[in-house]
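Written out below as C-alpha cells is the structure these notes cover.
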Amino acid sequence: MPHDQTGIEGAARLLGESRSVVVSTGAGMSKESGIPTFRDAPNALWDKFDPEKLASPEGFLEDPPLVWRWYEERRRMIARVAPNPGHFAIAALEGHFDRFLVVTQNIDDLHRKAGSKNVVEMHGNIFRYRCFDMGHAVDEIPKGGGEIPPLCRCGSMIRPDVVWFGEMLPRDALETAFAAIEKCDLMLVVGTSGIVYPVAEFPALAKGAGAKIVEVNPEKTPITPLADEFLKGPAGEVLPALVDEFVRLRSQ
Ligand code: BJW
C-alpha cells in the first residue's frame, strides 16, 4: 500500500459527513501529468529561472521577449499533457455534494479537461491572452508563437492571462472562492507548498469558519498543522484511493 490506509478511511469519513466541499489545488496536482512544480527539487521551475524576472510585471517590462518565449514554451508543453488519475478522481467527486468548487492556482486547464465543471482559476490560464496596458482579452494571436510579444489593437504588448507576483487576483475568482470557503464543511488541499498569498490563507479561513481540512502532499507544508487528516503521497495515487473509499462507505 503506497499510502496510509487509516488516513484514507478517516478522510473518506469526513467527506461522507460533508455537503459542501472546496478543493484547493497547486502545482503538485499536475506533477504526475508531467508539468514541473515551481519549488520542489529536483527539476523545479524556480531552480532554473528567477521568479521575479519571469513572473512579475517588472520582469516582463525589463525583457518582454524573454518572458514571452518562456510562456510560449510552457504553453506548448502543457498543451501536450493530459489530466492524471488525481484530476479524474476530483472530477468524479463533484456529483456527490450539494456544493463543490475546485479552486486552483494552476494555469494548465487540466481540471476542466478531466471533467470538473465548477472550477475557479486563481492565477489565470496559460491558454488565454490579454494586453498588458488595458487588459483587453485577445482571442487570437498570430500563429507560430513568435519571439516577441505581438501587439494588441490598442498598441499594447500582449501577455499571457496569468497572475504575476504583485498583481491582484481576478476579482470574480476571489469573490467566488471566499463565498464557497465561508460555507464549506471540508477543504481538500492538494499539492501546494502553501506559501503564495492570498491562496495560502484559504485553509486557515476555512478552518476558522468551522471546516475540516484534508491535505494531500508527499511533504509537510505550513498547512499541515491545520489538517484534520494529512494524506502523505502523490495526488495521482492518493486521490483515487480516497474516492474509492468514499464511494465504498457511501454504498454501505
Ligand atoms: C505534490 C506532488 C504530487 C509534489 N502530488 N503534491 C501576504 C504575505 C506575504 C506576501 C504576500 C502577501 N500577499 C501578497 C503577497 C505577495 C505575493 C506572495 O504571496 N509572495 C510569497 C512568495 C511570499 N503574492 C502575490 O503577489 C499575489 N498577489 C496579491 O496578493 O495581490 C495583492 C497584493 C500584491 C502585492 C502586495 C500585497 C498584496 C499574486 C501571486 C501570483 C503567483 N503567481 C505564480 C505564477 C503564475 C503564472 C505561472 O505559472 O507562471 O503562481 S507564482 C507560482 O506559485 C504560481 C503558483 O500558482 C504559485 C503557488 O505555487 P504552488 O502551486 O504551491 O507550487 P509549489 O511548487 O510551490 O509547490 C508544489 C507542492 O506540490 C509542494 O508542496 C510539493 O511537495 C507538492 N507535490 N509532487 C501532490 N505528485
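Structure values in brief
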{"quantity": "Within the range 142-176, tally of residues that are among the hydrophobic types (A, V, I, L, M, F, W, C) and within 22 Å of Ile35 (Cβ to Cβ)", "calculated": "6"}
{"quantity": "Scan of the range 64-123 for residues that are over 22 Å from Val163 (Cα atoms) and in a strand (DSSP E or B), ordered by number", "calculated": "Arg99, Phe100"}
{"quantity": "Unique residue being surrounded by 13 or more Cβ atoms within 10 Å (Cβ to Cβ), over 30 Å from Ser20 (Cβ atoms) and β-branched (Val, Ile, Thr) when the list is Ile181, Ile148, Ile141", "calculated": "Ile141"}
{"quantity": "Within the range 156-252, helices (runs of 4 or more DSSP H) holding 1 or more residues that are of a type in the set (Val, Ile, Thr) and more than 13 Å from the ligand (Cβ to nearest atom)", "calculated": "171-183, 235-250"}
{"quantity": "Out of Ala27, Ala82, Ala11, sole residue that is surrounded by fewer than 22 Cβ atoms within 10 Å (Cβ to Cβ) and either farther than 23 Å from Leu169 by Cα or within 15 Å of the ligand (Cβ to nearest atom) (or both)", "calculated": "Ala82"}
{"quantity": "Hits in the range 36-62 - residues which are over 16 Å from Phe165 (Cα atoms), without any contact (Cβ under 8 Å) to a residue 12 or more places away in the chain and either part of a loop (DSSP other than H, G, I, E, B) or touching a Phe, Trp or Tyr at 6+ places or on another chain (Cβ under 6 Å) (or both)", "calculated": "Pro36, Ala41, Pro42, Asn43, Ala44"}
{"quantity": "Pair list, Cβ < 9 Å and 6+ apart or interchain, from the range 88-111 residues that are more than 24 Å from Ile126 (Cβ to Cβ) to residues that are among the aromatic types (Phe, Trp, Tyr)", "calculated": "Leu93/Phe100; Leu93/Phe246; His96/Phe246"}
{"quantity": "Number of the exception - Arg74 against (1) near the ligand (Cβ under 10 Å from one of its atoms); (2) exposed (fewer than 15 other Cβ atoms within 10 Å of the Cβ); (3) among the basic types (Lys, Arg)", "calculated": "(2)"}
{"quantity": "Thr6 at pLDDT 85 or above, assigned to a loop (DSSP other than H, G, I, E, B) and polar (S, T, N, Q)", "calculated": "no"}
{"quantity": "Residue selected from the range 224-252 under the condition more than 20 Å from Gly86 (Cα to Cα) and at pLDDT 95 or above, by the criterion surrounded by the most Cβ atoms within 10 Å (Cβ to Cβ)", "calculated": "Leu226"}
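The values are calculated or read from the model by the stated rules, or taken from the named source; none is laboratory data. These figures come from a predicted structure and were not determined experimentally. Every residue, glycine among them, receives a Cβ derived from its backbone with ideal geometry; neighbour counts consider all protein chains shown.
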